[in-house]
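These notes are about the structure you will find just below.
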Amino acid sequence: MNERAKSLRVAVLGCGAVGSQVVRLLTEQSDDLAARVGAPVELVGVGVRRLDAPRDVEVPDGLLTTDVLGLVARDDVDLVVEVIGGIEPARSLILAALDNGASVVTANKALLAEDGPTLFEAAEKAERDLYYEAAVAGAIPILRPLRESLAGDKVTRVLGIVNGTTNFILDKMDTSGAGFSEALEEAQELGYAEADPTADVEGFDAAAKAAILASLAFHSRVTAADVYREGISDVTAADVASARDMGAVVKLLAICELRPGPHGDQVAARVHPAMIPRSHPLASVREAFNAVFVESEAAGQLMFYGPGAGGAPTASAVLGDLVTVARNRLAGTRGVGESAYADRAVQPMGETRTRYHVAIDVDDRAGVLAAVANAFADHDVSIQTVRQEGRGADAQLVVVSHAAPDAALAATVEQLRNMDIVREVTSVMRVEGGDE
């Protein structure tokens, strides 16, 4: 028999940029949602920290409450939408909702990346759904394709631009020649970057999303702590110009892939700026947009593109999950839970094969190129291309390597820095795409 066939009652936790748009869509599209779900969807409460905080939408009378724990404990709440963000109190509230028999939709990437298994186990125990499409790439449907559409395939690589703030900054540096600080200031003025942009520009946000993507794609538990992370604050206008000279563009990439290990495939997950050829589909992703490029054995190459943040786009993903969870609730079924059966190990960054672009200020004299080449050879790193720019005091070598273990490449750079003929290693950046 259907549960609560007359209506499905929803509580929303948080009424900020995303929560307010969820409330708006629930109220404005109530008739359409009822038709899609098969029963009315009734908003019965909105949990907030302050009743008098300014909000983008008008919340219907009587729904706002600061007793958020009391809201999720109500026995008439069927679905809880969590868009508070952060670790606590979100974790405790989600666990309480599941324990009380509610299904949960969340957009909380940080919590899922840090403690997802606890949430999934609670959902399994409660026999309820936990859906989280909005946690990665805003409105872009990427988690459901990985979890369901590609369930019969073997995904081998997920490569994505999953942070709009950093993509906007790097795009401005590429198109205008601006430095990092100047581009960041513009992003803040336009509302793409927070007053404290650390989570974005240092890669923490993207690392959390990479952990979620890797967990789904490779059926293994991957946390944010497992993801190697570098931000973009050290990317210079010279780096961007050098990329342009070699027909490439700099992007902050989340890269999740299967790599051979001593006992089978391992998961390699990393976030860092990288040069990619302008011919690569991700190179054309402009401003604050996101895109995720998926490679699998049977389907081949797929790309998902769209707005990766913002109240309304993220709320769209939340409502999509809500409709699915509501349908499951009416049918007395559950959707797909956590899939971690593969239990693959995470490959250390030092063992992960990648390529480096290295710019070196050198003395302009005979034997310099041979000495630099020997430094690469000392660590079994093969050189793909090398070019010299300038003469005399302005002499510079730009070297692009073939793929090698990251530890060997890092050791090569350290050796270069200690050589008498090297005045300075001015730029080190990984290269993705193209021939290894």
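Once you keep just the Cα pairs under 8 angstrom separated by 6 or more residues, what percentage relative contact order results for region 350-431? It would help to have the intermediate numbers written out before the result.
Working: 162 pairs, mean separation 40.2, N = 82.
That works out to 49 percent.
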Over its Cα atoms, what ratio of radius of gyration to 2.2 N^0.38 Å does region 350-431 give? 1.00
Förster radius 30 Å - calculated FRET efficiency between Arg55 and Ser30, Cβ distance, rounded to 0.05: 0.95
Give the relative contact order (percent, whole number) for the chain; include only Cα pairs under 8 Å separated by 6+ residues. 16
Checking Lys154, Lys109, Lys251 against a Gaussian network model of the chain (alpha-carbon springs below 10 Å), the top fluctuating residue turns out to be Lys154
For region 299-304, take each phi angle, set θ = phi - 60°, evaluate the Karplus expression 6.51 cos²θ - 1.76 cosθ + 1.60, and give the result in whole Hz per residue in order, putting x for glycine and proline. 6, x, 9, 10, 10, 10
Going by a ≥ b ≥ c, the root eigenvalues of the Cα gyration tensor, does region 66-216 fall in the rounded group (a/c under 1.5), the prolate group (a/b larger than b/c) or the oblate group? oblate
What is the list of residues in region 87-103 whose amide nitrogen lies under 17 Å from a point 7 angstrom out from the Cα of Thr66, following Cα to Cβ? 89
What fraction of the Cα pairs in region 205-355, stated in percent, has a spacing above 19 angstrom? 64
A correct fewest-to-most ranking of Val386, Val68 by other Cβ atoms within 10 Å would be Val386, Val68
The chain - share of DSSP beta bridges that are antiparallel (%, nearest 5): 70
What residues qualify as long-range amide H neighbours of Ala178, i.e. H under 5 Å apart, gap of 5 or more or another chain, H built at 1.01 Å from N? none
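So what is the relative contact order for region 143-306, in percent, with contacts set as C-alpha pairs under 8 Å and at least six apart?
Details: 319 pairs, mean separation 54.0, N = 164.
Computed over region 143-306, the figure is 33 percent.
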If we sort 364-370, 123-129 on the protection proxy, mean other Cβ atoms within 10 Å, highest first, what's the order? 123-129, 364-370
Compare the peptides 44-55, 204-215 by average per-residue count of other Cβ atoms within 10 angstrom and give them in order, highest first. 204-215, 44-55
If I fit a long axis through the Cα atoms of helix 109-126 and take the longest principal axis of the Cα atoms of the chain, what angle between them do I get, 0 to 90°, rounded to 10? 40
Hey, what do the phi angles of region 405-416 turn into as Karplus ³J(HN,Hα) couplings, whole Hz, using 6.51/-1.76/1.60 and θ = phi - 60°, x for Gly and Pro? x, 4, 5, 5, 5, 5, 5, 4, 4, 4, 5, 4
Magnitude of the Cβ-charge dipole (Lys and Arg +1, Asp and Glu -1) of region 143-306 about the Cα centre, nearest 20 debye, reported as 720
Extension reserve of the Thr118-Glu185 stretch, reckoned as 0.36 nm per residue once the Cα distance is removed: 20.3 nm
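Using the structure shown, select from Lys6/Lys154; Lys6/Lys125; Lys6/Lys109; Lys125/Lys209 the pairs with a Cα to Cα distance greater than 30 angstrom.
Among Lys6/Lys154; Lys6/Lys125; Lys6/Lys109; Lys125/Lys209, the Cα-Cα distance tops 30 Å for Lys6/Lys154; Lys6/Lys109.
Quick note: the coordinates plus some simple rules give every number you see, no bench work behind them. Just so it is clear, the structure is predicted and the values come from calculations on it, not from any experiment. Because the Cβ atoms are built from the backbone with ideal geometry, glycine has one as well, and the counts that use them run over all protein chains shown.
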